[in-house]
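The values are calculated or read from the model by the stated rules, or taken from the named source; none is laboratory data. Model, not experiment: these values are computed from the prediction. Just so you know, the surface numbers come from the protein's heavy atoms only, side chains and all, with ligands and any DNA or RNA stripped out. Shrake-Rupley method; radii C 1.70, N 1.55, O 1.52, S 1.80 Å.
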Amino acid sequence: MYLTIKETAEYLSMAESNVEALIKQKKIRAIHDGENYLINKEQFNTHLKQMEKYKHLVEELLNEPVPEDIDIKDED
């Protein structure tokens with residue numbers, strides 16, 4: 001399925017100007033049909049899966065309790 005720049009910006013939650021810049025930098029593959037750029041939606045699947053894994057990993061790290069330091073001695 002192909003998306004326009006506007007649809008791609010909504011899909012990736014970014015500004016249209018950023019999507020256009022990424023196309024010009026050749027970081028997003030796109031087809032120019034003479035009037036508009038068309039972007040294949042499937043090229044983002046791997047990226048979005050990796051971002052979900054990264055978010056999950058960060059959540060796990062933030063929720064992990066801090067271990068008690070073994071060097072602390074109670075001298076009361």
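Just to be sure I understand, how many residues within the stretch 21-43 are open to solvent by 50 Å² or more (accessible area, probe 1.4 Å) and not in a strand (DSSP E or B)? Explain how you work it out, then say what you get.
In the first step, residues of the stretch 21-43 are kept if they are open to solvent by 50 Å² or more (accessible area, probe 1.4 Å); the result is 24-27, 29, 31-38, 40-42.
Checking which are not in a strand (DSSP E or B) leaves us with 24-27, 29, 33-36, 41-42.
Counting residues in the stretch 21-43 that are open to solvent by 50 Å² or more (accessible area, probe 1.4 Å) and not in a strand (DSSP E or B) gives 11.
Of the residues Ile28, Ile39, which single one is under 14 Å from the mean Cα position of the chain (by Cα) and at pLDDT 90 or above?
Ile28 is the lone residue from the list that is under 14 Å from the mean Cα position of the chain (by Cα) and at pLDDT 90 or above.
Answer yes or no as to whether Glu42 is among the acidic types (Asp, Glu) and more than 18 Å from Met1 (Cα to Cα).
no
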